[in-house]
1. Note down the relative contact order for the chain as a percent, whole number, built from C-alpha pairs under 8 angstrom at least six residues apart.
2. Where the eigenvalues come from the Cα gyration tensor of the chain, what are the semi-axes √(5λ) of the equivalent ellipsoid, largest first, in whole Å?
3. Quote the FRET efficiency, to the nearest 0.05, computed for Met446 versus Phe229 with a Förster distance R0 of 41 Å and r equal to the Cβ-Cβ distance.
4. Quick one: go through region 362-390 and flag any residue whose amide nitrogen is under 20 Å from the point 7 Å out along the Cα-to-Cβ line of Thr99.
5. Sum -39500 (n - 2.57) across every DSSP H segment of at least 4 residues in the chain, then divide by the residue count to get the 222 nm mean residue ellipticity, nearest 500.
6. Relative to the longest principal Cα axis of the chain, at what angle does helix 201-213 sit, 0 to 90 degrees, rounded to 10?
7. On a 0 to 90° scale, report how tilted helix 291-322 is relative to the longest principal axis of the chain, with both axes built from alpha carbons and the result rounded to the nearest 10.
8. Ordered by residue, what ³J(HN,Hα) values in Hz, to whole numbers, does region 365-374 give under the Karplus form 6.51 cos²θ - 1.76 cosθ + 1.60, where θ = phi - 60° and Gly and Pro are x?
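Here, each number is a calculation from the coordinates, and none is a lab measurement. Everything numeric in this text was worked out from a predicted model, so none of it was measured. Virtual Cβ from ideal backbone geometry, glycine too; neighbours counted across all protein chains shown.
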Amino acid sequence: MESTAAITILLPTVLSTILIALLLKRFYIHADYSAPNNLPPGPWKLPIIGNLHQLIGEHPHRRLRTLANTYGPLLHLKLGENNLIVITSAELVREVFKTHDLKFASRPRLAIGKIILYDNADFGLAPYGKVWSQLRKICTVELLSHKRVKSFGFIREEEGRNLVEKIRAAAGSPVNLSKLIPYSANTGVARAVFGKDNPHQESFLLALKEMFKYASGFELVDIFPSWSFLAEITGSAAGMRKVHKQLDAIVTEIIDEHEAKNSEDDDTNDDLVDVLLRLKKDGQLDFSLTMENIKAVILDLFLAGTDSTSVTLQWVMTELIRHPDIMLKAQQEIRNMMDGKRKIEDGDMAKLPYLNQIIKETLRLHPTGPLLFPRLCRESVELAGYTVPVESHIVINAWAIMRDPIYWEDPESFRPERFDESAADFRAANFEFIPFGGGRRVCPGMQFAMASIWCSLAHLLFYFDWELPQGKRPQELDIEEDLNLTLTRKNDLCLVATYC
Ligand code: HEM
């Protein structure tokens, strides 16, 4: 009995002593004596954790804006073992995306890439190199090019109509758009990538949601990459392995089905999975395309493509409810354009410029990736008179730049009119409007995303009038944020729809 009590008291003390000793040993081994002495400015760093404690309490994009207000638009932080460079001005974004594009074209190796994405066999989180560039090229040509995106118009139209039917079925009781929209977005990507609905959509979406938790780059294991034991102690490695197992089972089934299809099938209806399997068989690429590459690419497209579009649409609806005058103007635009016809067609997009402006304004205020995806600096770079060390993690605070009064008049207001024809576009050299990032790693799914969001939104606005449940007033709708990989609404968006 006594010895059990002694163990209970002593064990934590012994364990914490060992842990502290290990931490100190690691700190001295990893202390960065070779760091250049003209690093960008930043707050004072604590041993071992660096500036980690300064990111606690608020979402990182908000904390980093506050720090940038004190230390300037080129900020250096030490997060555990990593140098983190935070960029908060359009002028410096130009340097990253244009002047030094190649030097900033890699991504840090995160645990999620190693454990979930088959040891970085994908291209979204993969380091810069031949495999990244070829996988990106294949996906762009086969799935995300202007021509391919156009060819998926019929899928968007069908999914738009399915969405309308589901909302009609609610017959005036509140509809939870935060539950409905992700299914619709996921089906759109699934049908484009592997030619049919995802049969395991429910479990797939749940596993993807789990995966997002590990993708921020702020996981403890990514901050102290050489302390792999941390991932085991905190349980994150076990969590990632579990998600990997669930997702792997689903993509394996999809691939098996494609392989089982008659090889005599006509190539013209090939989806992306068919194309990847054919390329693997032909072996004509500059590298050997593995089954892991194919699975990781499929996951990449779902990881990057599903949540981003569905979250944006939820923010659009949030802002429209909060601004009934803008909602009315958008409905008038689409209802006038339809002029008696009952079916929205993909080709109508160009006839609705105001809807387009609303989506852009939403992406300005609620970018799904407020810090974009982190980049890795491939060699040491001089920026604004400071040295950015090789291997630094680069974060661009797109959220802060897109709300900066230097570039935007009345930046906190939702005003779609600011995006009239002469104003910022994604493609032009507007480094103050960067919801899709830029340079070599710019989002390849931009057109796919814009077309999907537009088509769903057009259906929501044409067929229904919208209001908050229980007679709540527009300004009572909250805009609280939650951040995993994407910046989502914290609370579900529940609205009442009246069919018109
Ligand atoms: C509103 C919707 C979307 C937003 C706001 C968005 C935003 C972004 C951003 C900010 C990046 C990082 C760019 C950078 O590092 O400079 C990115 C990368 C990426 N996006 Fe998107 N995205 C969206 C939709 C999509 C869709 C629909 C797909 C595909 C179906 C997609 C596929 C990708 C991929 C594969 C990457 C990684 C590219 C690379 O590293 O080479 N995205 N996206």
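1. 24 percent
2. Details: eigenvalues 297, 162, 123 Å².
Working through the eigenvalues yields semi-axes of 39, 28, 25 Å.
3. Details: r = 40 Å, r/R0 = 0.98.
For Met446 and Phe229, the calculated efficiency is 0.55.
4. Backbone N within reach: 375-390.
5. Values: 18 runs with 244 residues, N = 500.
Rounded to the nearest 500, it is -15500 deg cm²/dmol.
6. It is inclined by approximately 40 degrees.
7. Once rounded, one gets 60 degrees.
8. Running phi through 6.51 cos²θ - 1.76 cosθ + 1.60 with θ = phi - 60° gives 7, 10, x, 5, x, x, 10, 6, 9, x Hz.
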